[in-house]
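Remarks on the structure that follows.
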Amino acid sequence: MDFRIDASGDMEIVDGELAYVTGAAAIAQHITMRLRTYLGESPYDRAAGVPYITVILQPNTPQFSRESILNAIVLGTPGVTACSMTVVLDSSTHTLRASGVATGVDGPIEFAIEV
């Protein structure tokens, strides 16, 4: 059981109490949090996160490499056994969109992020 976060990343409060998330929703939230964390961002674990600045968002990085790195991040999420995703980099806006379906212990889990 984890605290539920809203779209802005803040803990959600329902009726004055912290809300919790479990099952497939908790795994989906964990995937989203892992994909939104930049490499080196966490002061507690500098090795955690996605190398967006050094690799993913670089114009010369092959698409296969982007997809492989992000797929590995999702597969490293506890409770995920398989993943299929689409990664689109818009170089004009420097925006990356990743969406897909992970197979988890609780069934299929859809996810989408924009960085």
- [ ] Read phi for every residue in the stretch 87-101 and hand back ³J(HN,Hα) as whole Hz from Karplus 6.51 cos²θ - 1.76 cosθ + 1.60, θ = phi - 60°, with x for Gly and Pro.
- [x] 10, 10, 9, 9, 5, 6, 10, 6, 10, 10, 10, 10, 9, x, 10
Task: Phi to ³J(HN,Hα) by Karplus 6.51 cos²θ - 1.76 cosθ + 1.60 over the stretch 7-17, Hz, x for Gly, Pro - done: 4, 8, x, 8, 5, 8, 10, 10, 6, x, 10
Task: Placed amide H near Y20: partners under 5 Å, 5+ positions off or other chain - done: R4
Task: GluC sites (Glu not before Pro) restricted to DSSP loop in the stretch 1-88 with at most 15 other C-beta within 10 Å - done: E12, E41
Open item on the list: Under the rule a/c < 1.5 gives rounded, and otherwise a/b versus b/c splits prolate from oblate, where does the stretch 33-114 land using the Cα gyration tensor?
Closed with: oblate
Open item on the list: Per residue of the stretch 60-69, what does 6.51 cos²θ - 1.76 cosθ + 1.60 with θ = phi - 60° give for ³J(HN,Hα)? Whole Hz please, x for Gly and Pro, Karplus curve as stated.
Closed with: 8, 6, x, 4, 4, 5, 4, 4, 5, 5
Task: Packing-based ranking, highest mean first, of 51-60, 70-79 given that Cβ atoms within 10 Å are counted - done: 70-79, 51-60
Task: 0 to 90° range, to nearest 10: angle between helix 23-36 axis and the chain longest Cα axis - done: 40 degrees
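None of the figures in this text is laboratory data; all of them are computed from the coordinates on show. Everything numeric here is computed off the predicted structure, so don't read it as measured data. No Cβ is skipped: glycine too gets one built from the backbone with ideal geometry, and neighbour counts run over all protein chains shown.
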